[in-house]
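Here's the structure we're looking at; comments come further down.
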Amino acid sequence: MSLSLGRLVGDDADVLDDGDFRLLLLASLISPMGASVVSPVVESLAGPYGVSATEAALLLSAFTAPGIVLIPLSGVLADRYGRKPVLVSGLALFGLAGVALTLTTDFRTALALRLLQGVGYTGIGPILITATGDLFSGARESAAQGVRFTAVGASLTVFPFLAGLLVGFAWQYPFALYAAALPVAAVVWLRFEESADLGGGASTDDDADMADGDRGAQGDERGGVRTLLALAARPRVAATLVGRAVPGFLWFGFLTYNSIVVVRLLGGTPGAAGALVAVASISSAVATTQAGRITARFGRTVPTFAALALAAGGLAGL
C-alpha cells in the first residue's frame with residue numbers, strides 16, 4: 001500500500017501517516033457536497049418547490065452567497081479560537097441545514113436553509129486548507145494539499161452521481177446525503193488534536209527555504225480583516241485571488257446549469273447530469289495527486305499558468 005502511494009504521490013506520501021491529516025481528508029469528502037449534490041437535481045426540484053428551473057437554480061446561488069462575506073471572518077475566528085471549533089461548527093451546521101431540506105417544500109424556507117449551509121461551508125473549506133498548512137510546510141504541504149484535493153475530487157465523482165440516482169426515487173433523498181457531515185463533525189471533535197499555537201502554515205516566499213518537516217511554522221500577524229485587506233492589495237496576492245476566482249466562477253456556472261442543460265435541452269436524466277459532474281472531477285482527482293511532484297520540479301508559477309490555460313481550452317471546446 002505504501003509503495004503504491006509512494007509511486008502515486010511521490011516521496012511525500014508519508015503525509016498520510018499523520019492522523020490529524022487523515023481527519024482533514026475525511027472532512028474534505030464533505031466540503032464539495034454543498035454544490036455537487038444539488039447540481040444534478042436542479043431541474044427535478046422545480047416541481048416539488050413550485051418554481052421554474054431557473055428559479056430552482058437559486059438554491060446554488062444561495063449556498064455560495066455567504067462565502068463572499070464570511071470566508072475572511074472564518075479565518076479570523078479560526079486564528080482566535082482555533083481551527084477545530086470552527087471546522088466542527090461548520091460541519092454540524094452544514095449537515096443539519098442540509099438534512100432539514102428534506103422536510104420542506106416551501107421554496108423560501110429551502111433558500112434560507114441553503115444560506116445556512118453556505119454559512120456552514122465557510123467554516124469547512126477554507127479551514128481545511130489552513131489546517132493542512134498548519135500540519136506541513138514546503139514541498140510536503142504541496143503534496144498534502146494535492147492529496148486533500150484528490151479527496152475532494154473523489155467526493156465530486158461519487159456524490160453527484162448518487163444524487164442523480166436518488167432523485168429518481170424521491171426528490172428529498174439527495175438531501176439526506178448531507179447527514180454524512182454529522183458523524184464527521186463528531187469524529188473531528190473527538191480525535192483532531194490541534195496545536196496550541198494557532199496560525200496558519202508559512203505562506204511567504206521563504207517557503208522554499210523552509211525545512212520539509214511536519215507542523216509548519218506557526219503564528220503570524222494575519223489575524224485581522226485590516227491585515228487581510230492589506231495583503232489582498234498586493235499585486236501578487238491580487239493576481240492569485242483572480243486566478244483562483246475565475247475557474248471557481250466557471251465551475252459554479254457549470255454546476256448551476258448542468259441539470260437544466262442535460263435534462264431539458266439534451267433530453268438526459270438527472271443521473272446523466274450527475275455522471276457529467278463525476279467525469280469532470282475524475283481528471284482533477286488524478287491530477288492533484290501529482291501536485292507535490294509538479295511543485296517540486298517547476299515551482300508554483302508555471303503549473304498555475306498551465307492549469308489556467310488547460311481550463312480555458314476546455315471551456316473553449318464547449
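FYI, it's all coordinate maths here, none of it is from the lab. Note that the coordinates shown come from a computational prediction; the quantities given were computed from them, not determined experimentally. Note: ideal-geometry Cβ built from the backbone for every residue, glycine included; neighbour counts use all protein chains shown.
What to note about this one:
- Dividing the Cα radius of gyration of segment 125-184 by its Kirkwood radius returns 1.14 for Rg/Rh.
- The peptide list 95-108, 141-154, put in order of mean Cβ contacts within 10 Å with the highest first, becomes 141-154, 95-108.
- Residue-span extension gain [Val261 to Glu193] - 0.36 nm each, minus C-alpha spacing: 20.0 nm
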